[in-house]
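The values are calculated or read from the model by the stated rules, or taken from the named source; none is laboratory data. Keep in mind the model is a prediction, meaning the values are calculated, not measured. All Cβ positions, even for glycine, are placed from backbone atoms using ideal geometry, and neighbour counts span all protein chains on display. These area figures cover heavy atoms from the full protein model, side chains too; ligands, DNA and RNA do not enter into them. Shrake-Rupley method; radii C 1.70, N 1.55, O 1.52, S 1.80 Å.
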Amino acid sequence: MSKMTPQEMAQKIGSGLLSFPVTPFKADYSFDEATYRANMDWLCGYDVAGLFAAGGTGEFFSLTPTEVPEVVKVAVDETKGRVPVLAGTGYGTAIAREIAIGAEKAGADGLLLLPPYLTHSEQEGLAAHVEAVCAAVKIGVIVYNRDNAILQPDTLARLAERCPNLVGYKDGIGDIELMTRVYTKLGDRLTYVGGLPTAETFALPYLDMGVTTYSSAVFNFVPEFATNFYAAVRKRDHATIQAGLKDFILPLIAIRNRKKGYAVSIIKAGMKVIGRDSGPVRAPLTDLTEQEIDEVTALVKNLPAIRSTQQAAE
């Protein structure tokens with residue numbers, strides 16, 4: 001069980017960079033615990049404010065409800081309290097509650113509530129979904145505003161009144177007007193997390209709206225670059241930010257956008273490039289081609305030049 005209160009967890013994750021470690025699989029697609037432990041221990045050596053086990057980049061959608069708490073337990077055991085560990089949960093309300101309870105028992109410090117599976121709902125139904133998950137656990141819950149689960153400011157405000165452990169809001173849609181209305185309505189009641197795909201591209205404008213942190217998928221395989229980039233965002237170092245976007249993030253996005261589902265696949269490709277092969281993605285996702293992996297390799301090899309640019313800017 002977590003020793004952090006929901007408010008302590010929210011304060012901690014709002015203080016720095018966040019990331020979603022990939023879930024390693026063996027050739028037969030079973031969970032590769034040994035590789036996961038090694039990856040988690042390595043990532044904890046960098047300046048990161050929280051790690052999300054079995055999150056989106058961790059292929060939550062391809063894990064079974066039984067596997068999620070198992071992955072979380074390994075993450076909690078390996079990080080040894082060095083950073084907060086949050087777990088993904090989602091699908092229908094009954095399954096989301098079940099996973100949430102299992103993750104809490106596994107020692108998670110908090111939860112990221114992903115959108116319900118497939119179905120679209122009215123605000124009343126979405127609110128009931130969030131409230132049911134919050135009521136099932138004592139740890140903090142971050143709601144992920146994305147796709148078919150877009151909570152409006154008034155709905156969030158009512159939930160914040162009824163659910164003391166609802167402590168975070170992750171934006172995954174990029175609606176600047178909605179984000180502004182949410183922040184104006186709730187202020188410091190919630191911790192705000194940037195959650196758009198490749199969040200680095202939106203990090204600076206979101207910082208000006210009160211979003212102090214974001215989840216970096218590339219932290220998985222270029223943690224030094226990711227932490228340097230985050231530091232530049234917090235200092236509003238435009239030269240460093242533009243160099244990082246131009247020389248690494250935007251070319252990586254160009255590869256990612258070639259095929260559906262590559263947002264996860266490209267991160268696993270990056271793990272392979274740096275010698276931390278974490279296996280294939282599970283279906284229905286597909287892995288990058290060998291040619292595309294070579295392109296990612298070239299981008300990673302050019303990172304020292306990017307770091308030099310950053311150091312010069314400082």
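Among the residues of region 32-59, those that are part of a loop (DSSP other than H, G, I, E, B), among the aliphatic types (A, V, I, L, M) and either open to solvent by 10 Å² or more (accessible area, probe 1.4 Å) or at negative phi (or both) comprise 48, 49.
State all residues of region 246-270 that are open to solvent by 20 Å² or more (accessible area, probe 1.4 Å) and either assigned to a loop (DSSP other than H, G, I, E, B) or touching a Ser or Thr at 6+ places or on another chain (Cβ under 9 Å) (or both); if no residue qualifies, say none. Let's see the steps before the verdict.
First, the residues of region 246-270 that are open to solvent by 20 Å² or more (accessible area, probe 1.4 Å): 246-247, 250-251, 253-254, 256-261, 263.
Scanning region 246-270 gives 247, 250, 253, 256, 257, 258, 259, 260, 261, 263.
Examine region 46-63 for a residue that is more than 17 Å from the chain's Cα centre (by Cα) and free of Cβ contacts under 8 Å to residues at least 60 places away in the same chain, and state whether such a residue exists.
So the first thing to find is which residues in region 46-63 are more than 17 Å from the chain's Cα centre (by Cα), and the list is none.
Scanning region 46-63, I find no residue that is more than 17 Å from the chain's Cα centre (by Cα) and free of Cβ contacts under 8 Å to residues at least 60 places away in the same chain, so the answer is no.
Number of residues in region 155-183 that are β-branched (Val, Ile, Thr) and crowded, with 23+ Cβ neighbours inside 10 Å equals 2.
Sort out which residues of region 162-176 are assigned to a helix (DSSP H, G or I) and at pLDDT 95 or above, and write them in order of number. Quick ask: steps written out before the conclusion?
Taking region 162-176 and keeping what is assigned to a helix (DSSP H, G or I), we get 162, 176.
Scanning region 162-176 gives a single hit, 162.
Taken over region 192-206, the criterion of being among the aliphatic types (A, V, I, L, M) and either in contact with a helix residue (DSSP H, G or I) (Cβ under 6 Å, 6 or more places away or on another chain) or in a strand (DSSP E or B) (or both) is satisfied by 193, 203, 204.
Pairing residues of region 1-21 that are closer than 13 Å to residue 189 by Cα with residues that are surrounded by fewer than 17 Cβ atoms within 10 Å (Cβ to Cβ) and at pLDDT 95 or above, at Cβ distances under 9 Å and at least 6 apart in sequence or on separate chains, gives 6/138; 6/164; 7/164.
Would you tally the residues in region 95-140 being closer than 24 Å to residue 12 by Cβ, in contact with a Ser or Thr (Cβ under 7 Å, 6 or more places away or on another chain) and among the small types (Gly, Ala, Ser)? So the answer is 5.
Assess whether residue 103 counts as being assigned to a helix (DSSP H, G or I) and touching a strand residue (DSSP E or B) at 6+ places or on another chain (Cβ under 6 Å). Answer is yes for this residue. Summed over region 80-105, the residues that are over 16 Å from the mean Cα position of the chain (by Cα), more than 10 Å from residue 139 (Cβ to Cβ) and crowded, with 23+ Cβ neighbours inside 10 Å give a count of 2. Counting just the residues of region 275-306 that are open to solvent by 60 Å² or more (accessible area, probe 1.4 Å) and under 24 Å from residue 231 (Cα atoms), which one comes out modelled with the lowest pLDDT? Selected residue: 305.
Residues in region 278-293 that are in contact (Cβ under 8 Å) with a residue 12 or more places away in the chain and either in contact with a Phe, Trp or Tyr (Cβ under 8 Å, 6 or more places away or on another chain) or in a loop (DSSP other than H, G, I, E, B) (or both): 278, 279, 280, 281, 282, 283, 284, 285, 286, 287, 288.
Report, by residue number, each residue of region 114-150 that is in contact with a Lys or Arg (Cβ under 9 Å, 6 or more places away or on another chain) and outside any helix (DSSP H, G or I).
Pass one, region 114-150, residues in contact with a Lys or Arg (Cβ under 9 Å, 6 or more places away or on another chain): 114-115, 127, 131-137, 142-146.
Hits for region 114-150 are 114, 115, 137, 142, 143, 144, 145, 146.
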